[in-house]
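The values are calculated or read from the model by the stated rules, or taken from the named source; none is laboratory data. Given the structure is predicted, the values throughout are model-derived calculations rather than measurements. Positions of Cβ are backbone-derived with ideal geometry, glycine not excepted, and every protein chain shown enters the neighbour counts. Side chains included, ligands, DNA and RNA excluded: accessible areas come from the protein's heavy atoms. Shrake-Rupley method; radii C 1.70, N 1.55, O 1.52, S 1.80 Å.
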Amino acid sequence: MNAPLKIAIAGLGTVGGGVVKALTARGEALSGRAGRKLEIVAACDRDESKKSGLDARVWVNDLHAIAQSAADVVVELIGGENGAAPSLVEESLKAGKHVVTANKAMMARHGVRLAVLAEEKNLALKFEAAVAGGIPIVKSLRESLFVYGVSAIRGILNGTCNYILTQMEATGRSFEEVLKDAQRLGYAEADPTLDVGGGDTAHKLALLTGLAFGVKPDLDGMAVQGIAHITPEDISFAREFGYRIKLLGIAKITPQGLDLRVQPAMVNAGTPLADVDGVFNGIVADTKQAGPYFFEGRGAGEAPTANAVIADIVDIARGNRGPAFGVPAASLLTLTAAPAGSASSPFYLRFQVLDVPGVLAEIAGHLAKWRVSIESMIQRGRAPGEAVSIVMITHETTHAAVAGALETIAASDKVVAPPCMIPMEAK
Ligand code: HSE
């Protein structure tokens, strides 16, 4: 057998602990896959109590010792966009070590620079665990689904949001109530902003975009909206129209450029993405005449994420060291983004209005001025002088046109709450 592959692990939280456990419990089988023994030679964590699950000889006290250890591969599981994580990765690559990371924020922001460094030194930089947990979407885009090119990626990339939306649909409860439950059950962080605000999905989408389209991951050019404004009423109207609401990361080639955004969208019920429930993730990759492909699985948690990390380690052990984004990082293109607001689709619109004569005509008039054509409409209830909901589905139009009309409509004294607009995504 070949020489052992020596591994150093920084961060022994849920994922790091899972990696150690699986490498220990399934060592022989994994070494068989790798063609060589997989040996942990160094590990560290801020929390010294994490020492207990390890062979005491491998414990080191700081990240510098990880980067300068005898390891062939450094596994970065400390997280964070800036600071310790990118410093560790940089130092490790400079010290001639391959790197495996689960850090989506770091890879979305610094991935190109780190990939250039890795490639200059003929080292691997792998990040399967950074996107959609155990789903092998990074490897699939990097090593398989490139032959005819990718025309679109649509993904449910955040399990917390998908859990919340699924529970809102199942129970009819509000976003705030379900979020509190999710926090109690440990599905949502104490500070849920990155998940429910769409930032986590944005990090993952930026990475998928780099892999799918050969462009530099671009967080700054992405429109990002979360799910906090979605109401149980929206979810129930969606169902009535034959849709489900999902937080999607969308990256599409359009004649105007790459349409890149994170937002709640209406997805046709009965299609694969619509049926992704609870904490699961799902991704549709349109690969022109070779596609589409649909992936579904666990996007977080100890075993799925440790699976992704170890699969990367095994790849490196076998000598699979291709470029991090599938093409040399120095050749990644700069994104040509579609102009803001140019994304085009039918839209779901919900208005909270006073039930008075003329309100519908006023809304329809503003929509007509922006050339937004209405396909269907529902008004629920009758409450003269009180607030009622009016829901409309438009024909295909642009985001900019709907947003323009809604800005004027929102200013009306008959409209009592900010209107809600949700695009209806094609299958
Ligand atoms: N917080 C993420 C989610 C998992 O809820 O899907 C890690 O990326």
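Quick notes
- Counting only residues that are in a helix (DSSP H, G or I), within 16 Å of the ligand (Cβ to nearest atom) and either open to solvent by 40 Å² or more (accessible area, probe 1.4 Å) or of a type in the set (K, R) (or both), segment 74-119 holds 2 of them.
- Members of segment 120-136 that are in a loop (DSSP other than H, G, I, E, B) and under 13 Å from K104 (Cβ atoms): F127, V131, A132, G133
- Some residue of segment 226-240 being β-branched (V, I, T) and under 18 Å from A132 (Cα atoms): no
- G249 at pLDDT below 95 and outside any helix (DSSP H, G or I): no
- Scanning segment 6-36 for residues that are outside any helix (DSSP H, G or I) and of a type in the set (D, E, K, R) gives K6, R26, R36.
- Which listed residue, of K427, K369, is of a type outside the set (A, V, I, L, M) and modelled with pLDDT under 95: K427
- Helices (runs of 4 or more DSSP H) contained in segment 139-238 and holding at least 1 residues closer than 30 Å to V391 by Cα, within 16 Å of the ligand (Cβ to nearest atom) and touching a strand residue (DSSP E or B) at 6+ places or on another chain (Cβ under 6 Å): 159-171, 199-213
- Residue that is nearest to E76 (Cα to Cα), among those in segment 16-61 that are open to solvent by 80 Å² or more (accessible area, probe 1.4 Å) and in contact with a helix residue (DSSP H, G or I) (Cβ under 8 Å, 6 or more places away or on another chain): K21
- Segment 407-422 - residue that is in contact with a helix residue (DSSP H, G or I) (Cβ under 8 Å, 6 or more places away or on another chain) and not in a loop (DSSP other than H, G, I, E, B) and, of those, farthest from P232 (Cα to Cα): T408
- Tallying residues that are buried (at least 24 other Cβ atoms within 10 Å of the Cβ) and among the charged types (D, E, K, R) within segment 133-157 yields 1.
- Odd one out for S236 among (1) crowded, with 23+ Cβ neighbours inside 10 Å; (2) over 20 Å from S342 (Cα atoms): (1)
- Every residue from segment 58-73 that is assigned to a loop (DSSP other than H, G, I, E, B) and in contact with a strand residue (DSSP E or B) (Cβ under 8 Å, 6 or more places away or on another chain): V60, N61, D62, S69, A70, A71, D72
- Segment 273-290, residues that are out of contact with any helix residue (DSSP H, G or I) (no Cβ under 8 Å at 6 or more places or on another chain) and surrounded by fewer than 16 Cβ atoms within 10 Å (Cβ to Cβ): D275, K288, Q289, A290
- Counting the residues of segment 158-211 that are β-branched (V, I, T), in contact with a Gly (Cβ under 6 Å, 6 or more places away or on another chain) and open to solvent by 10 Å² or more (accessible area, probe 1.4 Å) gives 2.
- Being at pLDDT 95 or above, assigned to a loop (DSSP other than H, G, I, E, B) and not aromatic (F, W, Y) holds for only one residue in A285, A274, A300, A308, and it is A274.
- Residues located in segment 318-330, provided they are open to solvent by 10 Å² or more (accessible area, probe 1.4 Å) and on the phi < 0 side of the Ramachandran plot: R318, N320, R321, G322, P323, V327, P328, A330
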